[in-house]
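None of the figures in this text is laboratory data; all of them are computed from the coordinates on show. Worth saying up front: this structure is predicted, and the values here are computed from it rather than measured. Virtual Cβ from ideal backbone geometry, glycine too; neighbours counted across all protein chains shown.
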Amino acid sequence: MGRGFWFKAVCFFYLPVVFPAWAQLNRGTITGMVTDPSGAAIADAKITAVHLDTNTSSSTTSTANGNYTLSALL
């Protein structure tokens, strides 16, 4: 059993325990595109997300292409 075996054994047993902890976040992101009924992008539209339990809100405006992103939402 050489050095390579022990490295593989450590990676096999310990890495699955460490990596899932990085994904456990309480934040989310909403992305989308604002368009009119014909499908044309709407620039500078105001987008607001409201957390109904705390009544806190986060706002942004759409880009020239109609895209928006609200990140780090609870």
Residues Leu74 and Asp44, FRET efficiency given R0 of 30 Å [Cβ-Cβ distance, rounded to 0.05] = 0.70
For Thr56 and Met33 in one chain, what is 0.36 nm times their gap in residues minus the Cα-Cα distance, to one decimal in nm?
-> 6.0 nm
